[in-house]
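Chemist: Handing you this structure, nothing more for now.
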Amino acid sequence: MPRTATALVALVVLPVALATPAWATAKGRASGAAVSATTGTWAAVPTAVGVSSPAPGSDYTVNWSLLDSTPRFGQVVNTGTFALPTATYALTKAGVGALTATIRVEACVGATWNQTANTCAGTVTALTTTAVTSTRSTGPGAGGAALSVRFTPTGLSTLGVSSASLTVSTSRADARAATTTTS
């Protein structure tokens, strides 16, 4: 019996003594590229053609003299770092016949207005008119990009319109949706 007991103890104790705990053999490795958070800005400013660094927060005013209803041109510059696929436009007018005249603002998307021929080689897109409070429409695009715009007076008293001022505003929704990166 002592031999059987010894053999039985050896069969039970020996495998337990030789076994390695599961946690002792587990190995882990983490790898991946570093992720950094970046910040940016967004802003769109209306200005005269050719002005690349307009003053932030300013309006752009175009003027007509008496008996003149020819289109006027300007641009909306993205002075921020985020692209702006959209922006909100508002237009106010002043002058003797301003009550009945309507002024349209249109963008030449993908090109620049040819001021001499009054043509656009890109796509003409309506931005806003004086008949509405404000309109969300096409933005200037990438940071530093400019959207070419045309101001055209129409209506019964176009000859009495003396000026129109364009205001452009942007919000987080115009820049891009929020993103979350995890690693």
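Please treat every number below as a calculation from the coordinates, not as lab data. Computed from a predicted model, the values in this text were never measured in an experiment. Ideal geometry is used to build each Cβ from the backbone, glycine not excepted, and the neighbour counts take in all protein chains shown.
Chemist: Suppose a student asked you for the relative contact order of the stretch 39-93, using Cα pairs under 8 Å spaced at least 6 residues apart; what percent would you report?
Modeler: 48 percent
Chemist: Next question, about the same structure. Distance in nm between label sites at Thr41 and Ala173, each 7 Å beyond Cα in the beta-carbon direction?
Modeler: The two pseudo-label positions are separated by 2.4 nm.
Chemist: Continuing with this model, one more query. Can you give me the long-range amide H partners of Gly95? Hydrogens built in the peptide plane at 1.01 Å from N, cutoff under 5 Å, separation of 5 or more residues or another chain.
Modeler: Residues meeting the amide H criterion: Ser162.
Chemist: How much length, in nm to one decimal, is gained on full extension between Ser134 and Ser163, taken as 0.36 nm per residue of separation minus their Cα-Cα distance? Before the final figure, lay out the partial values.
Modeler: Values: separation 29, 0.36 × 29 = 10.44 nm, distance 1.76 nm.
Here the segment from Ser134 to Ser163 would lengthen by 8.7 nm.
Chemist: For the stretch 96-146, max minus min Cα coordinate along each principal axis, in Å, sorted largest first?
Modeler: Cα extents, longest axis first: 36, 27, 17 Å.
Chemist: Another one. Which whole-number percent is the relative contact order of the stretch 52-146 (Cα, under 8 Å, 6+ apart)?
Modeler: Rounded, it is 38 percent for the stretch 52-146.
Chemist: Between Thr123 and Ser52, what's the calculated FRET efficiency when r is the beta-carbon distance and R0 is 30 Å? Round to 0.05.
Modeler: Computed FRET efficiency for Thr123 and Ser52: 0.85.
Chemist: Give the span of the stretch 61-127's Cα atoms along each principal axis, as three whole-Å numbers ordered largest to smallest.
Modeler: Answer, in whole Å and largest first: 40, 26, 17 Å.
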